[in-house]
Amino acid sequence: GLAHDENTFVVHYGERTPLWVEFKATGLPGHGAKLLPDTVGERLARVVKRLTDRRDRSVAKVNADPSLKSGDVTSVNWTVSVMGMTNDGGKTYAHNVIPAEGRVVFDCRVSHMDYDEFVADVVAIAKEHNLE
């Protein structure tokens, strides 16, 4: 069933498929004062923008049609971001260093009607931004 505030259990036929999508970027590190091309942060920011735009479209679709429930559309939620230069396991980060590696993770629940398109889009995003 879907998460909800009511004291009922809702069962759906063909419920959404969970996908946890992680994008990892590697690149040239450097000093924060430099304008290095195509940094890890830039590439990951573009990914976040693309997937949060997709989330916004799902929200708009549900808001526009009261008969739709959250399980009728694909949900995309940005859940993890890791990036930065650290020498102490992440307790502190260097604020003036462009990192060599970063990753973002999304919790996606893909509608059966969107599945093939969604997977193809995720693969295209990774390829377009040179991500693992």
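The values are calculated or read from the model by the stated rules, or taken from the named source; none is laboratory data. Model, not experiment: these values are computed from the prediction. Cβ sites come from the backbone with ideal geometry, for glycine too, and all protein chains shown count toward neighbours. For accessibility, only protein heavy atoms count, side chains too; no ligands or nucleic acids. Shrake-Rupley method; radii C 1.70, N 1.55, O 1.52, S 1.80 Å.
Below are the figures for this structure:
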item: Ratio of Rg to Rh over the chain (Cα coordinates, Kirkwood Rh, two decimals); result: 1.08
item: Viscosity 0.890 mPa s, temperature 25 °C, Stokes-Einstein D of the range 63-132 from Kirkwood C-alpha radius, µm²/s; result: 163
item: Accessible area of the range 17-129 belonging to carbon and sulfur atoms, whole % at 1.4 Å probe; result: 57
item: Qualifying trypsin sites (Lys or Arg not before Pro) for the range 20-94 [loop in DSSP, other Cβ within 10 Å: at most 14]; result: 34, 69, 91
item: Among the listed pairs 91/127; 24/49; 24/61; 24/91, those beyond 23 Å (Cα-Cα); result: 91/127; 24/61
item: Heavy-atom surface of the range 17-129, accessible at 1.4 Å and reported per residue (Å²); result: 62
item: Stretchable slack from residue 81 to residue 68, in nm (0.36 nm times residue separation minus alpha-carbon distance); result: 1.6 nm
item: Among 44, 19, 35: highest mean-square fluctuation, GNM of the chain, C-alpha pairs under 10 Å; result: 35
item: Cβ-Cβ FRET estimate between residue 45 and residue 19, R0 fixed at 22 Å, reported to 0.05; result: 0.55
item: About the Cα centre, charge dipole magnitude for the chain (Lys/Arg +1, Asp/Glu -1 at Cβ), debye; result: 400
item: Listed residue (73, 105, 89) projecting farthest to the positive dipole end of the range 61-132, Cβ model; result: 89
item: Helix-derived mean residue ellipticity, 222 nm - over the chain, DSSP H n ≥ 4, -39500 (n - 2.57), to 500; result: -10000 deg cm²/dmol
item: Cα shape, the range 87-126, gyration tensor, a/c 1.5 rule; result: prolate
